[in-house]
Amino acid sequence: MLELGGLEYKAYEAECTVLRLKRKIELIQAKINRQEKIVLSTIEETLDEEFAEYQQKLNEQIEKMNEALKHSNARILSEEESKELKKIYRKIVKVLHPDLNPDVTEAQVELFVNAVIAYKDGDLATLRIINEMIGDRNLPEKHQDAMAQLMEERERLLSLTKSINKSIEKIKSEYPYSVKEILESPEKLEQRKAELQDILENYNELIAVYKTKLDEMTG
């Protein structure tokens, strides 16, 4: 989003402006043809209604940019989030720290390392996922109860995995992940930026033409 989102937004905003100006000209011309009084405020209200969906998409793009900026600036957690972060991290340490749990597997050690990194970065979302993964590790003494709880834990983790996989697939299908190949190549990235700049310039030229036309029509 930080690499291309700004240009993508400006290009789409310019496109929306072009379409709105073109539609405004059509509405005014229709009034002229019918020899009706031109009330610009009424026309603007009509345009607001017709272009509400476009405006919503622009707002969504701004929200995505804001989210990207928050991530890049290491978003500061609220007091409640900070308490939750520390509480979850303490639990993870008790369950996964190699010094406290000599029997942990290599995979669990790696999970613990990821938890440490997430804690340092204030990444509450990642810690929540790890917390879900480890669940309640205190098994009852009776073997039968322990096996029952293990089966329940297995089902819970399968459900969690399914949910995470759905989120991953959704992310992969959306912008900006859909342009991952471009972002990983400096040449392709510069090419895409140049394309967006050309698109933006073309739209700006049309905007100037339509504004001149509107000035002529409205006196």
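The values are calculated or read from the model by the stated rules, or taken from the named source; none is laboratory data. Computed from a predicted model, the values in this text were never measured in an experiment. Glycine also receives a Cβ, built like all others from the backbone with ideal geometry; neighbour counts cover every protein chain displayed.
Of all residues assigned to the stretch 77-88, none qualifies as being at pLDDT below 95, exposed (fewer than 10 other Cβ atoms within 10 Å of the Cβ) and among the basic types (K, R). Sub-8 Å Cβ pairs linking a first residue in the stretch 35-59 that is under 15 Å from E15 (Cα atoms) and free of Cβ contacts under 8 Å to residues at least 40 places away in the same chain to a second residue that is of a type in the set (A, V, I, L, M, F, W, C) and surrounded by 12 or more Cβ atoms within 10 Å (Cβ to Cβ), at least 6 apart or interchain, are L47/L27; F51/C16; F51/L19; Y54/C16; Y54/L19; Q55/C16, ordered by first then second residue.
How many of the residues in the stretch 176-190 are part of a helix (DSSP H, G or I) and within 19 Å of the chain's Cα centre (by Cα)? Reasoning before the result, please.
We begin by selecting, within the stretch 176-190, every residue part of a helix (DSSP H, G or I); these are 177-183, 186-190.
From the residues that got through so far, the ones that are within 19 Å of the chain's Cα centre (by Cα) too are 177-183.
Total meeting the criteria: 7.
If only one of E8, E63 is closer than 19 Å to E174 by Cα, under 30 Å from the mean Cα position of the chain (by Cα) and exposed (fewer than 13 other Cβ atoms within 10 Å of the Cβ), which one is it? First the steps, then the outcome.
Working: E8 fails: exposed (fewer than 13 other Cβ atoms within 10 Å of the Cβ).
After ruling out the rest, the residue left standing is E63.
Given the conditions (1) touching a helix residue (DSSP H, G or I) at 6+ places or on another chain (Cβ under 8 Å); (2) over 30 Å from T218 (Cα atoms); (3) of a type in the set (A, V, I, L, M, F, W, C), report the number of the one that L40 does not fulfil. Unmet condition: (2). If the condition is being surrounded by 14 or more Cβ atoms within 10 Å (Cβ to Cβ), of a type outside the set (A, V, I, L, M, F, W, C), at negative phi and within 23 Å of the chain's Cα centre (by Cα), then the stretch 109-131 contributes N114, Y119, D123, T126, R128.
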